[in-house]
Amino acid sequence: MTTLWNHTDSTRTDNMQTVYHGCGSISSVRQIIACLKAQKIFIVTGKQSFEASGAADALYRSLDSLDVLRFSNFDVNPSLEDTLRGIDLLQQFQPDLVIGIGGGSAIDMGKLITVLSAQPDDDYRSIVEKSSVSDKGVPFIAIPTTAGSGSEATRFAVIYIHGRKFSLAHRFVLPDYAIIDPELTYKVSPCQAAVSGMDALCQAVESYWSVNSTKLSRSFASDAIRIILSSIEDAVPGTSKQARMEMSRGAYYAGKAIDITMTTAPHALSYTLTSRYSIPHGHAVALILGKFFIINDLNSDALIDSRGEQFFSETLKSLYAMFGCRDAYSCAELWYQRMKNIGLETDFIRLGITGQKDYEIILNTVSTERLKNHPVQLTRTILSQIFE
């Protein structure tokens with residue numbers, strides 16, 4: 001894939017997704033619609049970000065004269081109830097094409113509505129829990145307006161059922177088209193840019209050390225780490241369009257990496273920080289991940305990655321080198337300093353996580369599925385080290 005993102009380009013990827021990238025690439029929607037001969041378009045957006053980002057004006061220019069229905073009535077953490085409302089609207093409208101445009105929540109919601117509405121069975125909870133998808137649904141375009149979630153590049157969609165987080169995972173969930181237009185991120189607030197950027201960086205780091213990593217996933221992850229580390233501090237204030245452009249590229253590569261590997265322990269531990277303590281997702285994961293440089297290093301004798309100790313040691317050394325650090329401790333120190341530099345709090349107490357009761361809540365609700373992807377065996381005692 002070309003790395004020149006200051007012009008509109010398109011690439012057909014090996015996982016059968018067509019990607020348009022570059023400034024102004026949102027205009028590619030016209031080309032896609034013409035190719036599909038679509039007349040009825042169902043769009044899934046955030047409540048406010050759609051207009052605030054400039055995405056509404058840019059997208060509607062490509063939808064002129066078409067029959068369009070918009071759905072935005074869902075929470076930032078999409079629930080099954082939200083999804084059912086969207087499915088009902090889609091089934092009544094019968095669109096030729098669905099577009100999910102916004103942050104990770106909007107894109108995930110678009111994925112969920114598109115795929116679940118196409119299934120012959122309406123026991124959606126069971127379908128999500130078992131990822132028992134049999135039909136694809138109408139074509140779907142993902143257009144991110146933040147640089148972080150990577151949802152435009154993955155076969156996963158997050159959904160909450162009775163407060164519990166699930167991930168629908170299937171190749172049919174991967175968007176048919178992804179449009180990565182950095183201009184849509186230019187109006188994102190510094191806080192959102194910081195949170196989204198750290199989410200992408202966490203994905204890349206976790207993918208790199210995951211037991212599921214491959215040569216290809218490590219290539220995507222290392223590119224993402226290099227790009228994000230060199231761009232995030234300039235991108236957060238919003239004064240550098242070039243840095244925002246680079247962050248869009250880095251976030252996409254991070255998404256490509258976790259599409260292969262899935263995430264690991266820091267993501268597993270982060271969900272309760274978001275759902276119970278209202279810490280934004282990217283901030284929550286970053287708060288946890290810095291601790292794992294040291295945890296991984298200290299517990300290498302509990303390695304579960306079948307590729308062995310030498311491979312794991314080289315993996316960690318490569319990560320330290322990407323951060324310009326000599327060891328796990330200096331890497332962790334740099335990690336939290338970077339968070340502070342972009343305005344993210346690093347103190348658990350100041351974020352409302354004040355004692356043993358809170359620690360127990362977080363540890364009791366950890367996603368064991370993601371722990372299986374982590375390279376070392378994690379006991380409750382080891383996980384408790386996060387709060388020391």
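Assorted remarks:
Okay, residues lined up against (1) under 23 Å from residue 32 (Cβ atoms); (2) modelled with pLDDT of 95 or more; (3) surrounded by fewer than 24 Cβ atoms within 10 Å (Cβ to Cβ):
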site	(1), (2), (3)
118	yes, yes, yes
122	no, no, yes
132	no, no, yes
143	yes, yes, no
149	yes, no, no
164	no, no, yes
178	yes, yes, no
195	no, yes, no
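- Close pairs (7 angstrom Cβ cut-off, 6 or more residues apart or separate chains): free of Cβ contacts under 8 Å to residues at least 24 places away in the same chain in segment 255-267, of a type in the set (D, E, K, R) anywhere: none
- Top-ranked residue of segment 44-62 - restricted to ones that are touching a strand residue (DSSP E or B) at 6+ places or on another chain (Cβ under 6 Å) and not in a helix (DSSP H, G or I), ranked as farthest from residue 93 (Cα to Cα): 46
- Selection from segment 63-105 of residues that are assigned to a helix (DSSP H, G or I) and within 16 Å of residue 118 (Cβ to Cβ): 83, 84, 86, 87, 88, 89, 90, 91, 92, 93
- Hits in segment 335-372 - residues which are within 23 Å of the chain's Cα centre (by Cα) and modelled with pLDDT under 95: 362, 363, 365, 366, 367, 368, 369, 370, 371, 372
- For segment 328-336, the criterion of being touching a residue at least 60 places away in the same chain (Cβ under 8 Å), of a type outside the set (Phe, Trp, Tyr) and in contact with a helix residue (DSSP H, G or I) (Cβ under 6 Å, 6 or more places away or on another chain) is met by none of the residues.
A quick yes/no check of all residues on (1) in contact with an Asp or Glu (Cβ under 9 Å, 6 or more places away or on another chain); (2) outside the structural domain of residue 244 (by TED's automatic domain parsing); (3) part of a loop (DSSP other than H, G, I, E, B); (4) free of Cβ contacts under 8 Å to residues at least 12 places away in the same chain:
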| site | (1), (2), (3), (4) |
| --- | --- |
| 115 | yes, yes, no, no |
| 134 | yes, yes, yes, no |
| 152 | no, yes, no, no |
| 199 | no, no, no, no |
| 203 | no, no, no, no |
| 206 | no, no, no, no |
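- Matching residues, segment 248-292, being part of a loop (DSSP other than H, G, I, E, B), hydrophobic (A, V, I, L, M, F, W, C) and over 20 Å from residue 194 (Cβ atoms): 262
- Boolean, residue 253 is out of contact with any helix residue (DSSP H, G or I) (no Cβ under 6 Å at 6 or more places or on another chain), under 29 Å from residue 157 (Cβ atoms) and surrounded by 19 or more Cβ atoms within 10 Å (Cβ to Cβ): no
- Every condition in (1) in the same structural domain as residue 29 (by TED's automatic domain parsing); (2) assigned to a helix (DSSP H, G or I) is met by residue 148 except one, and the failing one is (2).
- When segment 220-240 is filtered for residues that are surrounded by fewer than 23 Cβ atoms within 10 Å (Cβ to Cβ) and not β-branched (Val, Ile, Thr), the ones remaining, listed by number, are 222, 223, 226, 229, 230, 231, 233, 234, 237, 238, 240.
- Within segment 92-102, at least one residue is touching a residue at least 60 places away in the same chain (Cβ under 8 Å), more than 24 Å from the chain's Cα centre (by Cα) and either surrounded by 15 or more Cβ atoms within 10 Å (Cβ to Cβ) or within 30 Å of residue 188 (Cα to Cα) (or both).
The values are calculated or read from the model by the stated rules, or taken from the named source; none is laboratory data. Source: prediction; values computed, not measured. Note that each Cβ is placed from the backbone with ideal geometry, even for glycine, and that neighbours are counted across all protein chains shown.
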